[in-house]
Amino acid sequence: MDFILYLYEKENEETLWEMWLSKDVEENFSDFKKKNLKTLRVSEKEVISADKAQENLDFAAQYFNFSKEVKMNGSI
């Protein structure tokens, strides 16, 4: 997934480069890029506690039925 985001950012950077070339901008490209290019990749991952993880699982469980029993009826 990170590679796809990297490719997307490079494509956006190329688009910004073309915009910068076509416009009469007073600032240099690196400043223009810093101001207009937003990164999609997360550099720091949020660490959650075990209690918060269990709370998230309990919340998600209300929408899913996690039955361990599987009934086979012969149909696909």
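The values are calculated or read from the model by the stated rules, or taken from the named source; none is laboratory data. Please read these numbers as outputs of a predicted model, since none were measured by experiment. FYI the Cβ positions are ideal-geometry reconstructions off the backbone, even for glycines, and counts take in every protein chain you see. With ligands, DNA and RNA removed, areas are computed over all heavy atoms of the protein, side chains included. Shrake-Rupley method; radii C 1.70, N 1.55, O 1.52, S 1.80 Å.
Hey, among the residues in region 18-76 that are hydrophobic (A, V, I, L, M, F, W, C), under 26 Å from Y6 (Cα atoms) and modelled with pLDDT of 80 or more, which one's farthest from the chain's Cα centre (by Cα)?
The residue in question is L21.
Going by what's in this entry, would L5 be described as modelled with pLDDT under 85, out of contact with any helix residue (DSSP H, G or I) (no Cβ under 6 Å at 6 or more places or on another chain) and open to solvent by less than 90 Å² (accessible area, probe 1.4 Å)?
yes
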